[in-house]
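The values are calculated or read from the model by the stated rules, or taken from the named source; none is laboratory data. Just so you know, these numbers come straight off a predicted model, no measurement behind them. For the accessible areas, the whole protein counts, side chains as well, though only heavy atoms, and no ligand, DNA or RNA atoms are used. Shrake-Rupley method; radii C 1.70, N 1.55, O 1.52, S 1.80 Å.
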Amino acid sequence: MTCLVTGGTGMVGRHLQEIMPDAIYLGSADCNLADDGAVEVFFQKHKPESVIHLAAKVGGIMQNISSPADFFDANIKMNSNVLIAAKRHGVKNFLAILSTCMYPDVADTYPLTEEDIHKGPPAPANFSYAYTKRCMAVQIDAYNKQYGLDYSYLIPCNLYGENDNFEDSNKSHF
């Protein structure tokens, strides 16, 4: 089965390469996922049967605060373009990795559950980025409902570690 990993040269993608060496690892230098035409050409050429969607414009809190439109525009385009292409090309397995920042900033009860995702706005510092992650979940749920797909998403607690950007505190997760 041909597996495409978007964001394959990023922090999580590099670790996946160790356990899934035969997948196609796509980095931003290989294809501009915000360009729907480029995404279509890539899918036509490689014909993936499954997709692990890791790609995102990411940064630290300071970048999220200072450039909210940049984060929203890039991420909403990438998410939609990859999901639309996956559906169009008959991808059977689709998994998107989201972010806990999509959860409400303040909640009535803890721990938070998946049912709590839309019960309030995300934290102001990550607001635009967080909403693109919420939108990805909504879009996958909509595709599953309308098209009878069985696409999935995971919401990891937090991601940081080897291969993260520690050189610039404005871009690091930690």
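Using the Karplus relation 6.51 cos²θ - 1.76 cosθ + 1.60 with θ = phi - 60°, the per-residue 3J(HN,Hα) values for segment 49-66 come to 9, 9, 9, 10, 9, 9, 4, 6, 7, 10, x, x, 4, 4, 5, 4, 6, 7 Hz, with x marking Gly and Pro.
Cross-link pairs exceeding 20 Å between alpha carbons, from the set Lys57/Lys92; Lys57/Lys119; Lys57/Lys145; Lys77/Lys133: Lys57/Lys92; Lys57/Lys119; Lys57/Lys145. Only helices enter this figure: runs of n ≥ 4 DSSP H residues, each worth -39500 (n - 2.57), summed and divided by the residues of the chain, yield -12500 deg cm²/dmol at 222 nm to the nearest 500.
Rolled with a 1.4 Å probe across the full set of protein chains, the surface gives Thr100 an accessible area near 50 Å².
Of all DSSP beta bridges confined to segment 1-129, the antiparallel ones make up roughly 0%. Roughly what % of Cα-Cα distances in the chain sit above 27 Å, to the whole percent? Tail of P(r) above 27 Å: 24 percent of Cα pairs. Largest accessible area first, the listed residues Tyr151, Tyr103 line up as Tyr103, Tyr151 when surface is computed with a 1.4 Å probe on the assembled protein chains. Taking amide hydrogens as placed 1.01 Å from N in the peptide plane, the amide H of Val51 sits under 5 Å from those of Leu4, Asn93, Phe94, Leu95, each at least 5 positions away in sequence or on another chain. Computing the accessible area with a 1.4 Å probe over protein heavy atoms, can you report the carbon and sulfur percentage for segment 1-126? That fraction is 54 percent. Per residue, the solvent-accessible area of the chain (1.4 Å probe, heavy atoms of protein chains only, all protein chains present) comes to 56 Å².
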